[in-house]
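A short worksheet on the structure shown next.
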Amino acid sequence: MPSNFDYSQVGFVVSKKVSKSAVVRNSLRRRTSAIIEAMYPKIKAPTRLIVLIRRDFSDLSPAELQKEINTLMARQLS
């Protein structure tokens, strides 16, 4: 979604359907945020991204999560 700003914006949504525990939901949000933050210079500015986390991936290693997010973000980064 285009933005009226000179910079990109990223929002994260983690539903209670993913986990009833706020600790788990916040952990998922932080892990995803850290990976997206590293990709931030590659994101075409200005862009607004909404990241919907629909399943509990707390069992994935950081490398597996990075690969998963790279796959999902491929179109946005090209």
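Please treat every number below as a calculation from the coordinates, not as lab data. Remember, it's a predicted structure, so these values are computed and weren't measured experimentally. Ideal geometry is used to build each Cβ from the backbone, glycine not excepted, and the neighbour counts take in all protein chains shown.
If I ask for residues that are β-branched (V, I, T), in a helix (DSSP H, G or I) and more than 10 Å from the chain's Cα centre (by Cα), which ones from segment 5-59 would you list?
V23, V24
Could you list, in sequence order, the residues of segment 1-36 that are of a type in the set (D, E, K, R) and touching a strand residue (DSSP E or B) at 6+ places or on another chain (Cβ under 6 Å)?
Residues satisfying the conditions are R25, R29.
Quick one: what pairs do we get from segment 55-78, first residue on the phi > 0 side of the Ramachandran plot and free of Cβ contacts under 8 Å to residues at least 40 places away in the same chain, second outside any helix (DSSP H, G or I) and surrounded by 11 or more Cβ atoms within 10 Å (Cβ to Cβ), C-beta under 6 Å, 6+ apart or different chains?
Listed pairs, sorted by first residue: none to list.
Filter segment 30-53 down to the residues that are touching a Ser or Thr at 6+ places or on another chain (Cβ under 8 Å), surrounded by 11 or more Cβ atoms within 10 Å (Cβ to Cβ) and more than 27 Å from K20 (Cα to Cα) and list them by number.
Y40, I43, A45, P46, T47, R48, listed by residue number.
Surrounded by fewer than 15 Cβ atoms within 10 Å (Cβ to Cβ), among the acidic types (D, E) and out of contact with any strand residue (DSSP E or B) (no Cβ under 7 Å at 6 or more places or on another chain): does that describe D56?
No, not satisfied.
For segment 67-78, which residues satisfy the criterion of being farther than 16 Å from V10 by Cβ and either part of a helix (DSSP H, G or I) or within 9 Å of the chain's Cα centre (by Cα) (or both)?
Of everything in segment 67-78, those that are farther than 16 Å from V10 by Cβ and either part of a helix (DSSP H, G or I) or within 9 Å of the chain's Cα centre (by Cα) (or both) turn out to be K67, E68, T71, A74.
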